[in-house]
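**Q** The following block contains the structure, expressed as structure tokens.
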Amino acid sequence: MLPNQLFYQTCEQGGGYHHVYDNSPFISEDNPRQWLSQGYYFWIEDKELAVSWGKVAKKNIYSIVEFELDLSKSGQILDLIGSPNAINYFKSLIRDYLDKVHTIKDKDNPLKGVSISGIIGYYRAEAAQGKCKFPWTGIKCCDIDTRLQLKFRRDKQECLALNNRHQLCLFDINEEVISRKTLIHPAEWIA
């Protein structure tokens with residue numbers, strides 16, 4: 001990963017300009033809705049996703065802070081976007097979780113009742129107690145947006161993933177990671 005990439009955090013407007021600027025980035029709530037467990041969530045290099053999220057999730061009342069982050073100072077990031085080794089390792093964590101922890105054994109749907117957030121939360125809790133090694137300080141991932149599926153070949157099922165939403169979740173953040181931050185939305189706050 002290149003240092004000093006751009007990242008966008010969509011957040012509420014509560015407290016006004018100074019509150020948002022001075023206190024950002026904001027940590028997510030600790031609840032099962034989080035994709036990658038509790039952390040500081042950012043859209044990776046895509047301001048339009050931050051806008052989209054504000055319109056839908058924040059009911060069009062939102063602010064966006066643009067960050068330049070130096071992830072080389074954040075610790076190890078589990079890269080589930082661009083590292084086949086990391087992806088394969090995470091698959092092994094999922095298998096171990098299913099074997100050791102998951103109690104709902106449905107042979108037709110072995111992933112029933114399982115969430116990525118739950119798996120990550122489990123390993124983070126185990127690591128905090130010294131029971132396992134989970135060295136990551138954050139995770140990069142993307143979802144599969146099925147609205148745009150373009151096949152490589154007409155006669156095959158494989159599709160080019162053009163519409164993925166790339167996110168970064170940092171579990172903890174220190175000031176050294178933030179090279180720059182700029183409030184970029186709403187327009188009336190920056191005029």
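All of the numbers you see were taken from the coordinates with simple rules; none came from a lab. Everything quoted here is computed from the prediction, not taken from an experiment. All Cβ positions, even for glycine, are placed from backbone atoms using ideal geometry, and neighbour counts span all protein chains on display.
**Q** State, as an integer percentage, the relative contact order of the chain based on alpha-carbon contacts under 8 Å between residues 6 or more apart.
**A** 30
**Q** Still on this structure, please answer the following. Near the amide H of H166, under 5 Å away, which other amide H atoms are found, from residues 5 or more places off or on another chain, if H is placed in the peptide plane?
**A** The answer is I44.
**Q** Taking trypsin sites (Lys or Arg not before Pro) as exposed when DSSP calls them loop (any state but H, G, I, E, B) and at most 12 other Cβ atoms lie within 10 Å, what is the longest stretch of the chain free of them, the sites themselves excluded?
**A** In short, 60-104.
**Q** Quick one: helix 47-57 against the long Cα principal axis of the chain, what's the angle to the nearest 10°, folded into 0 to 90?
**A** With both axes taken from Cα atoms, the answer is about 80 degrees.
**Q** Note down the net charge around E45, summing +1 for each Lys or Arg and -1 for each Asp or Glu among other residues with Cβ under 13 Å from its Cβ.
**A** -1
**Q** Out of the chymotrypsin sites (Phe, Trp or Tyr not before Pro) in region 108-181, which ones are loop residues according to DSSP with at most 16 other C-beta atoms within 10 Å?
**A** Filter output for region 108-181: F152.
**Q** Tilt of helix 116-128 relative to the longest C-alpha principal axis of the chain, in degrees (0 to 90, nearest 10)?
**A** For 116-128 against the chain, the angle is about 90 degrees.
**Q** Which semi-axis lengths, in whole Å and largest first, follow from the square roots of five times the eigenvalues of the Cα gyration tensor of region 1-110?
**A** 31, 19, 13
**Q** Can you run phi through the Karplus equation (6.51, -1.76, 1.60; θ = phi - 60°) for region 73-89 and list ³J(HN,Hα) in whole Hz, with x for Gly and Pro?
**A** 9, 9, x, 7, 9, 7, 9, 8, 10, x, 10, x, 4, 5, 4, 5, 5
**Q** Could you tell me which of the pairs K58/K151; K91/K140; K112/K140; K133/K181; K59/K91; K140/K181 are separated by over 26 angstrom between their Cα atoms in the structure shown?
**A** As for pairs spanning more than 26 Å Cα to Cα, those are K58/K151; K133/K181; K59/K91.
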